[in-house]
Amino acid sequence: MYWSIYDVLMLVSGLITLVIVIAPVEGIAPRTRFTAGAIGGGLVFLSLLLASIPAFRYPGVVMVAPVIALLSVVAVMGKAVRGQTSLQVGQQGHSMSQSEPEAHTDLSVNGMPTESTQSIPTNLSSTELMQLAQRDHGRWAEIAQHPSAYPALLEWLNQYGSTEVKAAVAARRLLESRDPT
């Protein structure tokens, strides 16, 4: 097997891209992990396959492929970490400026509503609401309408949510702008 610098660069690019798949960062979407796995695995496979063909001529872009892969890893992980951090920081700021809400009726396991619960209790604390948002993406639109949804949580939902969630956040903000109380 003949290994040129191009084969090594392609192999390194594939391995760097596979870091996204195995990174212990919670905010990376499963679809992103799958795509990174397919691309990284494909690059590793191609480098091994093409290394056995000594006459194969690589395009010049292979020289910068590891840099592109590294930038992709930094961007994906940075976005995931920023998303988690902004949610937590915003929640902490909210809880410092508000008094603790009174205790609420326990409707489910560990005080958190389950997926079978019809609606989110209105007296759920901002901390519990943040935990529910992290755990149950399917309820983000409902969380955006909750009275305990603080501005940083709404911003986070708007940034990472679907079109339906963004519409719910926009409706909440419109309602708040019309009713200053």
G14: in contact (Cβ under 8 Å) with a residue 12 or more places away in the chain, assigned to a helix (DSSP H, G or I), of a type in the set (G, A, S) and exposed (fewer than 14 other Cβ atoms within 10 Å of the Cβ), yes or no? no
Flagged in segment 17-48 as charged (D, E, K, R) and free of Cβ contacts under 8 Å to residues at least 24 places away in the same chain, in numbering order, are R31, R33
Looking at segment 37-51, can you tell me whether even one residue there is within 24 Å of H137 (Cβ to Cβ) and either crowded, with 18+ Cβ neighbours inside 10 Å or in the same structural domain as Q134 (by TED's automatic domain parsing) (or both)? no
Is it the case that some residue within segment 154-175 is more than 18 Å from the chain's Cα centre (by Cα), at pLDDT below 85 and surrounded by fewer than 17 Cβ atoms within 10 Å (Cβ to Cβ)? yes
For this session: Answer yes or no: is there a residue in segment 130-138 that is polar (S, T, N, Q), under 24 Å from T32 (Cα atoms) and at pLDDT below 90.
Result: yes
Result of the Cβ filter at 7 Å on segment 149-161, keeping first residues that are in contact (Cβ under 8 Å) with a residue 40 or more places away in the chain and closer than 16 Å to S125 by Cβ and partners that are part of a helix (DSSP H, G or I) and acidic (D, E), at least 6 apart or interchain, is none
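The values are calculated or read from the model by the stated rules, or taken from the named source; none is laboratory data. This one's a predicted model, so the numbers in the text were calculated from it and none came from an experiment. Here Cβ is always computed from backbone atoms with ideal geometry, including for glycine, and neighbour counts include all displayed protein chains.
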